[in-house]
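For reference, the structure discussed in these notes is given below.
The values are calculated or read from the model by the stated rules, or taken from the named source; none is laboratory data. Owing to the predicted nature of the structure, the values given are computational and were not obtained by experimental measurement. So basically every Cβ, Gly included, is an ideal-geometry build from the backbone, and we count neighbours across all protein chains shown.
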Amino acid sequence: MKLWSGRFQADLDNLAERFNDSLPFDAVMYAQDIRGSIAHATMLGECGVIAERDAQTITSALESVRSDIADGKLAVADAEDIHSFVENELVRRIGDVGKKLHTARSRNDQVATDLRLYLRDGIDKTTELLSTLITLLAAKAEQYIDAPMPAYTHMQKAQPTTLGHWFCAYANMFLRDLRRLSDCRSRLNVLPLGSGAAVATAFPIDRRRVAELLGFDGITENSLDGVSDRDFCLEYLSCAAIIMTHLSRVNEEFVYYSGEEFGFIKLPDEFSTGSSIMPQKKNPDVNELLRGKSGRVLGDLVGMFTVMKGLPLAYNKDMQEDKERVFDADETVRISLAVFTRMLAVTEFDRDRMNAAAAGGFSCATECADYLANKGVPFRTAHEIVGKIVLYCVNNNKTLQSLTVDEYKTFSPLFDADIKIAVMPETAISRRTVIGGCEKTELLRQISVLREAIK
Ligand code: ARG
């Protein structure tokens, strides 16, 4: 039965009905919808808007509807949306008393409440996953704290660093994600119920009591805004899109580091796939999909912005389009975080390959310039001299490590025997003791900051 059939003489066209219905995708909110209704009915009883006895009949029937759905005894079907479904079922079970539930409420403030509850639950689950991932990244950083690898700028070999430093970089990204979500949660956690359809209800209800029952930190201040605000969806989707962007970036590194040319990463069999034609292939499909899914979640965000941008106050049916965007992003973020974390846990990194790569490509040229600068040569001049040394090496097929001290001296008399030590990757790494650097003690500090942050 429709919740609004009274004023109509003809049934909704069946194609229009299918087009209008949101039950196929909002059924997943049944637990949040029932939770909201139980709080609403409890408050109505306490305030004397409906009889206490009726409120109790309603809440216990709602509880049985909830457990029947959860146990698979009650199929969620044949209704316009989850709100109609639950109410119809309630009336089917307890008759006219059930029809009192919707006193002082509209589906407009109801759906806004349900979605906030749903996202709040989603944020809590995603936060768990992020903190598991950060914990793993910190452990990996510790495991590879002194494993040299090249750092790149413009995808060109830049300077030596360590794999531990690299892991900490990603851990910091995901820590910001975790904090962004917690920020989003605090703004989202206010109750819109009581806003009614648009201009609030005239019944003497206690909105703060409902907020308290549902674990909201406060209530919305303005009913027109309360029913039409979907900023929390935009914020959540932004957080989700940023998480996916981070996953996309790290997985991009997995993709090329696992290629033969780099050989830094050995793809675990459990997380890679073969080719139907090329027998030798082991493809980073999982990593590529993680990269690709970022496009999907960004699409959810852009879709949501596009739905909202022209909407006048207050509720408009366009907003029903919020749920698929939000649910899709919510689910995608969680499966992506979970699968990446599992893959990372069993991925092996080739220390030797990374170490060899760390020294190549004149990655220690900056060390050479720093060496001269430390002896009083202005850095710009030192840079110029080392540029010439690199050119000499390129032309004569030599490296900064293979040049003799005498060869160095032809470029500047300030070079001594210790230049040979200065241009070793290990030396370069050990000199980065400044906060943010890749030296071991400093990295241990970064790791402990990460661990402290997610306690
Ligand atoms: N299914 C609707 C939605 O998701 C619920 C609110 C319906 N309100 C209305 N005035 N038609 O937005």
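Structure data summary
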read-out: Residues that are free of Cβ contacts under 8 Å to residues at least 60 places away in the same chain, of a type in the set (K, R) and within 20 Å of I205 (Cα to Cα), drawn from segment 76-119; value: K99, K100
read-out: In segment 312-336, residue farthest from the ligand (Cβ to nearest atom) [restricted to those that are more than 11 Å from the chain's Cα centre (by Cα) and acidic (D, E)]; value: D328
read-out: Test for S276: is it among the small types (G, A, S) and buried (at least 20 other Cβ atoms within 10 Å of the Cβ); value: no
read-out: Test set (1) in contact with a Phe, Trp or Tyr (Cβ under 8 Å, 6 or more places away or on another chain); (2) among the small types (G, A, S); (3) within 16 Å of the ligand (Cβ to nearest atom) - A357 fails condition number; value: (3)
read-out: Candidates S37, S84, S5, S64, filtered to the one that is surrounded by fewer than 21 Cβ atoms within 10 Å (Cβ to Cβ), under 33 Å from the mean Cα position of the chain (by Cα) and among the hydroxyl-bearing types (S, T, Y); value: S84
read-out: Helices (runs of 4 or more DSSP H) (entirely within segment 317-382) containing at least 1 residues that are over 30 Å from L163 (Cβ atoms) and modelled with pLDDT of 95 or more; value: 322-346
read-out: Scope segment 139-165; condition surrounded by fewer than 23 Cβ atoms within 10 Å (Cβ to Cβ) and in a helix (DSSP H, G or I); matching residues; value: A139, K140, E142, Q143
read-out: Any chance F305 is under 24 Å from the mean Cα position of the chain (by Cα), within 16 Å of the ligand (Cβ to nearest atom) and aromatic (F, W, Y); value: no
read-out: Among the residues listed as T126, T57, the single one being of a type in the set (S, T, N, Q), surrounded by 19 or more Cβ atoms within 10 Å (Cβ to Cβ) and touching a residue at least 60 places away in the same chain (Cβ under 8 Å); value: T126
read-out: The lone exception for E348 - which of (1) farther than 18 Å from G226 by Cβ; (2) of a type in the set (D, E, K, R); (3) free of Cβ contacts under 8 Å to residues at least 60 places away in the same chain it fails; value: (3)
read-out: Residue ranges of helices (runs of 4 or more DSSP H) in segment 183-294 with at least 3 members touching a Leu at 6+ places or on another chain (Cβ under 7 Å) and not aromatic (F, W, Y); value: 207-214, 231-257
read-out: Of residues in segment 81-137 being under 24 Å from E235 (Cβ atoms) and of a type in the set (V, I, T), the one nearest to the ligand (Cβ to nearest atom); value: V111
read-out: Selected residue (criterion: nearest to the ligand (Cβ to nearest atom)) from residues of segment 183-214 that are over 20 Å from L313 (Cα atoms) and in contact with a Lys or Arg (Cβ under 8 Å, 6 or more places away or on another chain); value: L214
read-out: Any hit, segment 98-107, residues being in contact with a Pro (Cβ under 8 Å, 6 or more places away or on another chain) and either of a type outside the set (A, V, I, L, M) or surrounded by fewer than 24 Cβ atoms within 10 Å (Cβ to Cβ) (or both); value: no
read-out: Any hit, segment 406-424, residues being loosely packed, with under 12 Cβ neighbours inside 10 Å and of a type in the set (G, A, S); value: yes
read-out: Yes/no for L163 being within 16 Å of the ligand (Cβ to nearest atom), of a type in the set (A, V, I, L, M), touching a residue at least 12 places away in the same chain (Cβ under 8 Å) and in contact with a helix residue (DSSP H, G or I) (Cβ under 8 Å, 6 or more places away or on another chain); value: no
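Each row is one residue, and each column tells you yes or no for (1) within 16 Å of the ligand (Cβ to nearest atom); (2) among the basic types (K, R); (3) at negative phi.
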site	(1), (2), (3)
L3	yes, no, yes
L23	yes, no, yes
L44	no, no, yes
C47	no, no, yes
A55	no, no, yes
S64	no, no, yes
I69	no, no, yes
G72	no, no, no
